[in-house]
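Q: Shown below is the structure under consideration.
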Amino acid sequence: MASQFLFFAFLAVTSSIALASDPSSLQDFCVADAMSSVLVNGRVCKDPKLVEANDFFFSGLHLAGNTSNAVGSRVTPVGVAQIGGLNALGISAARIDFAPWGLNPPHTHPRASEILTVLEGSLKVGFVTSNPENRLITKVLQKGDVFVFPVGLVHFQQNVGNCNAVALVALSSQNPGVITIANAVFGSNPDIPADILAKAFQVDTNAIYSLQSKF
């Protein structure tokens, strides 16, 4: 009897997992909507009867982002926050604008791989492999070139020309997340204690205080 109970319990669990992971077992989409009470992927679902074309639409990627900032770049995201219909679909996009020699600083996407296409200009791009190798993989891209950044790895893009540059990226999550390394390490709230960072980076604490003051 106990073995039969365990068998049926196992069958129930595996069936529920299969249903949850099989797209054919779900409705076609789950449009994120703050007014709904049905949760999918951490976001509420709009009543399918109320879904309209604008739930799957975004306008504005033809517009250049304002790169007048300290790093000289601007990311225009198109994720689930911008298109509710992306919820649970596992894709998103973004436009990145670069001033001459502008930088999209080292950062990670904890929930997505990224594929980048250069639309205008020349970009030096790269990512660092995980410990212990910490190998830098880097390449200079020209218009029309494509480069992939694996999920979770620290990566960057820099305009290496005297003209503006533009890239279009696609990501394998509707909510990829982003952690900019310098902001996270030196701009946390509250600050990471200076002695911890000084030991980690093998520098004087005054250098850490100086960096923290910039973020």
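Q: Using alpha carbons only, how many angstrom separate the centre of segment 114-169 from the centre of segment 193-215?
A: 28
Q: Counting other C-beta atoms within 10 Å, and keeping those with at most 10, which DSSP coil trypsin sites (Lys or Arg not before Pro) do you find in segment 90-186?
A: Here the sparse-neighbourhood loop sites are Arg135.
Q: If you don't mind, there's one more thing I want to ask. Give a residue-ordered list of calculated ³J(HN,Hα) values for segment 84-92 (Karplus: 6.51 cos²θ - 1.76 cosθ + 1.60, θ = phi - 60°; whole Hz; x for Gly, Pro).
A: Result, rounded to whole Hz: x, x, 6, 3, 6, 8, x, 9, 7.
Q: Show me the three semi-axes of the equivalent ellipsoid for segment 103-215, from the C-alpha gyration tensor (sqrt of 5 times each eigenvalue), largest first, rounded to whole Å.
A: So the equivalent ellipsoid measures 29, 16, 14 Å along its semi-axes.
Q: When ligands, DNA and RNA are left out and all protein chains stay put, how many square angstrom of accessible area per residue does segment 107-164 have with a 1.4 Å probe?
A: Per residue, segment 107-164 has 54 Å² of solvent-accessible surface.
Q: DSSP loop GluC sites (Glu not before Pro) in segment 106-163 with at most 14 other Cβ atoms within 10 Å of their Cβ, which ones?
A: Sites meeting the loop and neighbour criteria: Glu133.
Q: Also, I was wondering about something else. First check a/c for segment 52-145, with a ≥ b ≥ c the square roots of the eigenvalues of its C-alpha gyration tensor; if it is under 1.5, answer rounded, and if not, answer prolate when a/b is larger than b/c or oblate otherwise.
A: Here segment 52-145 falls in the oblate category.
Q: Follow-up question, since we're still on this one. Kindly report the accessible area of segment 39-86 per residue (heavy atoms of protein chains, probe 1.4 Å, no ligands, DNA or RNA), in Å². Intermediate values should be presented prior to the final figure.
A: Values: 3000 Å² over 48 residues.
Per residue, segment 39-86 has 63 Å² of solvent-accessible surface.
Q: Whenever you get a sec, compute what percent of the accessible area on segment 87-180 sits on carbon and sulfur atoms (1.4 Å probe).
A: Within segment 87-180, the accessible surface is 60 percent carbon and sulfur.
The values are calculated or read from the model by the stated rules, or taken from the named source; none is laboratory data. None of these values were measured; they are calculated from a predicted model. For neighbour counting, all protein chains shown are included, and Cβ atoms are generated from backbone atoms with ideal geometry for every residue, glycine included. Surface areas here come from the heavy atoms of the whole protein model, side chains and all, with no ligands, DNA or RNA. Shrake-Rupley method; radii C 1.70, N 1.55, O 1.52, S 1.80 Å.
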